[in-house]
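Data block below; observations after.
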Amino acid sequence: MKKTLLAEFTVRPGSVEHVAGLVKEYSRHVREEPGNLAFEVYTKESDPLAFWIFEVYEDEAAFQAHLAAPYGAPFNAELQPLITEKESVLTFLSPLDVVQGSGRS
């Protein structure tokens, strides 16, 4: 089963360009992982300091491989002092089975 999550963090004022560069470089590595299906970076329109990263991995094993990748710890270490949270806040998502054509929303 796919492993899907949303990683969120808030950038400290004055650090957006630095963080955007870090995330851009990090995303290149993650997207090359064999089990990565999506790594999409967003900011809130109403709050450009709020970063949201939507991630999808083939399965739990692919996600664990992602966590063990050698570039993850250095990225997080450099990111930590630039964000307001202690670390990225991870929200794991489950798919909702929706019946097509039922006429309900």
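Every number here is computed from the coordinates shown, using simple stated rules; none is lab data. Every value quoted in this text rests on a predicted model; they were computed, and no experiment measured them. Cβ: placed from backbone, ideal geometry, glycine included. Neighbour counts: every protein chain shown.
A compact table of results
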{"read-out": "Aspartates and glutamates whose Cα lies under 12 Å from that of residue 3, excluding same-chain neighbours fewer than 8 positions away", "value": "55, 58, 59, 60"}
{"read-out": "Contour excess over end-to-end distance, with Cα ends at residue 52 and residue 24 and 0.36 nm allotted per residue", "value": "8.8 nm"}
{"read-out": "Simple label model, 7 Å out from Cα along Cβ direction - residue 73 to residue 85, nm", "value": "2.2 nm"}
{"read-out": "Sequence-distant residues sharing a close amide H with residue 12 (under 5 Å, placed H)", "value": "83, 84"}
{"read-out": "Table column - 3J(HN,Hα) (Hz), the stretch 2-18, Karplus curve with 6.51, -1.76, 1.60, x for Gly and Pro", "value": "4, 10, 10, 8, 10, 9, 10, 7, 10, 7, 5, x, x, 10, 4, 5, 4"}
{"read-out": "Mean ellipticity per residue at 222 nm, deg cm²/dmol - from DSSP H runs of n ≥ 4 across the chain, formula -39500 (n - 2.57)", "value": "-9500 deg cm²/dmol"}
{"read-out": "Tail weight of P(r) past 20 Å, computed on alpha-carbon pairs of the chain, percent", "value": "43 percent"}
{"read-out": "Local net charge near residue 51, Cβ-Cβ under 9 Å (Lys/Arg +1, Asp/Glu -1)", "value": "0"}
